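In what follows, a structure is listed as structure tokens, so that the remarks can point back to it.
Just so it is clear, none of the values below were taken in a lab; they were calculated from the coordinates. Predicted model, so just to flag it, every value in this text is computed and none were measured. Positions of Cβ are backbone-derived with ideal geometry, glycine not excepted, and every protein chain shown enters the neighbour counts.
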Amino acid sequence: MSKVKVAVIGCGYLGKWHLEKAMTLANAEVIAAVDPSSEIRKEMKSRYPGLKTTADIEEVIDEIEAGIVVTPTSHHFEIVKKLIENDKHVFCEKPLTSNKVDAIALKDLLKTKQLVVQIGHSERCHQIWERKDLYGDFLDGAAHARIKRYAPFKGRATDVDVVQDLMIHDLDLLYMLWNEMPIRISTSGYKIMTDHWDHVHAELEYPSGRRAAVTVGRAHVEEKRMVELVNDNGVCQVDLMNLELRKSKSGSEVEVFKYEKRDHLLIEQTAFYSSILEKHPIMVNIEDGLNAVEMISDVLESLKSGKSIVKE
């Protein structure tokens, strides 16, 4: 089997897990772990004897075919741009970039390249989303979605706000489920633990008449990840923490369906290498990544201005 020569760029909290997955896959050959921290490089060297470690991607860029970007969001644009300019495939953790202008620039740069660029929107990997027979009829008509994603403060990803850290998951899920972008976004939020938004509520309206209410918090007293879909057919709840779908239709009792836990990072990486080696469709492409960045940009603009964002 052919192998993709890859470097993992950023080996902190999430990056070390990406590195671990890549080391186990038969179609990946990990060339290097890249991180500016000497302590992290030392840890990776100890964990994987013989693995090259470096602080600068330039030192190994001629040796690799792909890069997995797991750095803080503020560095995504410069690193992904460098990889694309050097004809390297890219798997970039969400969000693609910290702003819409940079995301568009990467999309434009990619137009002249035959490269795989995949974005790490891992919540798409839940097994339940493959069971549209269980929830598809709750997407019809002027459906309403309520999504709550809460977590206690963990002291990481504080270089970005909760919109880029958590809400992006749910905005992307709404796009995946409904295949349309919102035309109006209204928000409110609080800065509790950091200088960035730590708790945000967003109301979204769509061209189809659908509406969504998304609330995220990273300074909460509990952990919750719940997607609720409501329309004329009834109510469907997907508990992403407890891996359970519950639905109720008119005149029927509540039905409960359990689904299996999956290794989302492993699924994403497997899909990435398959897209490169076997030309499989890209799991989450740059257009999907751009749409997510556009939505979080609109949410942040609404928070900043205190006004609704209305799209033409």
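In table form, for the structure just shown:
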quantity: Qualifying residue in region 188-195 (condition: surrounded by 20 or more Cβ atoms within 10 Å (Cβ to Cβ), within 19 Å of Ile309 (Cβ to Cβ) and among the hydroxyl-bearing types (Ser, Thr, Tyr)); calculated: no
quantity: Count of residues meeting criterion [outside any loop (DSSP other than H, G, I, E, B) and more than 17 Å from Gly141 (Cα to Cα)] in region 211-246; calculated: 14
quantity: Hits in region 177-236 - residues which are polar (S, T, N, Q) and without any contact (Cβ under 8 Å) to a residue 12 or more places away in the chain; calculated: Asn179
quantity: Residue, farthest from Ala33 (Cα to Cα), within region 48-83, restricted to residues that are surrounded by fewer than 18 Cβ atoms within 10 Å (Cβ to Cβ) and small (Gly, Ala, Ser); calculated: Ser74
quantity: Among residues of region 25-53, those that are in contact with a Leu (Cβ under 8 Å, 6 or more places away or on another chain) and of a type outside the set (A, V, I, L, M), counted; calculated: 3
